[in-house]
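Visitor: Structure below; questions to follow.
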């Protein structure tokens, strides 16, 4: 896990970082974060437990344990990533490990939505493209620059047109994915609306 966690906020138009690759279809949320870690009061400690069981089996050889990947922030996956239970802890664990974006063949719908809600853009790419990135990653250190405006990713040697839902792309570019920041930016509108509601006026008089 990264030594310091900084949550994403506001508008996101670019994501740049080193790639980390997980090979395999149907990697579910139970593997991403096993059920025993769901008892946490908050999500702060989940990063260190991401893929806990898989990592234990591989005894230090899991991609999330390799020294060469310790600064990685763009996850490359195959098809139906994030399937299984709808636990929001799965993307929260990835985020706190240090993942800022995911590129895959396909995603489970609820996992995808949970990622968008916390500021992790999820892009799709055809199987051939994913395999090309994964093979390149096996052979070389791979740093990608992702442009959300153009839905485009590039490295020194590779270039890809990525797919992302238009509604999601607009949310990241406008910052609307970040509900907390959106509320804070519209504090005056909220206060004005509060004063216009008849039941809040009644409660205020009682106080």
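The values are calculated or read from the model by the stated rules, or taken from the named source; none is laboratory data. Since the model is a prediction, treat every value here as computed from it, not as a measurement. Please note: Cβ atoms are built from the backbone with ideal geometry, for glycine as well, and neighbour counts cover all protein chains shown.
Visitor: What number of residues in the range 60-95 are crowded, with 21+ Cβ neighbours inside 10 Å and in contact (Cβ under 8 Å) with a residue 60 or more places away in the chain?
Guide: So the count comes out to 7.
Visitor: May I pose another question? Scan the range 53-66 for residues that are in a loop (DSSP other than H, G, I, E, B) and within 20 Å of the chain's Cα centre (by Cα) and jot them down.
Guide: 62, 63, 64, 65
Visitor: Moving to a separate point now. Taking the conditions exactly as written (at pLDDT below 95, in contact with a strand residue (DSSP E or B) (Cβ under 8 Å, 6 or more places away or on another chain) and either under 30 Å from residue 67 (Cα atoms) or surrounded by 12 or more Cβ atoms within 10 Å (Cβ to Cβ) (or both)), does residue 156 satisfy them or not?
Guide: It is true that residue 156 is at pLDDT below 95, in contact with a strand residue (DSSP E or B) (Cβ under 8 Å, 6 or more places away or on another chain) and either under 30 Å from residue 67 (Cα atoms) or surrounded by 12 or more Cβ atoms within 10 Å (Cβ to Cβ) (or both).
Visitor: Taking the range 13-43 as the region of interest, how many residues are more than 17 Å from residue 95 (Cβ to Cβ), in contact with a strand residue (DSSP E or B) (Cβ under 8 Å, 6 or more places away or on another chain) and assigned to a helix (DSSP H, G or I)?
Guide: Within the range 13-43, residues that are more than 17 Å from residue 95 (Cβ to Cβ), in contact with a strand residue (DSSP E or B) (Cβ under 8 Å, 6 or more places away or on another chain) and assigned to a helix (DSSP H, G or I) number 0.
Visitor: Same structure, new question: Here is a list of conditions, (1) within 12 Å of the chain's Cα centre (by Cα); (2) under 16 Å from residue 20 (Cβ atoms); (3) part of a helix (DSSP H, G or I), and residue 120 meets all of them except one; can you say which number that is?
Guide: Result: residue 120 fails condition (3) only.
Visitor: Tell me, yes or no, whether the range 105-113 has at least one residue that is touching a residue at least 24 places away in the same chain (Cβ under 8 Å), within 11 Å of the chain's Cα centre (by Cα) and buried (at least 18 other Cβ atoms within 10 Å of the Cβ).
Guide: The answer is yes; a qualifying residue exists.
Visitor: Quick one: which residue in 130, 164 is touching a helix residue (DSSP H, G or I) at 6+ places or on another chain (Cβ under 9 Å) and buried (at least 17 other Cβ atoms within 10 Å of the Cβ)? Please lay out each step first, then the result.
Guide: Numbers: 130 fails: touching a helix residue (DSSP H, G or I) at 6+ places or on another chain (Cβ under 9 Å).
After applying the criteria, what remains is 164.
Visitor: For residue 196, indicate whether it is in contact with a strand residue (DSSP E or B) (Cβ under 8 Å, 6 or more places away or on another chain), surrounded by fewer than 19 Cβ atoms within 10 Å (Cβ to Cβ) and at pLDDT below 95.
Guide: no
Visitor: Further question: Taking the residues in the range 67-83 that are assigned to a loop (DSSP other than H, G, I, E, B) and modelled with pLDDT of 95 or more as candidates, determine which candidate is nearest to residue 20 (Cα to Cα).
Guide: 77
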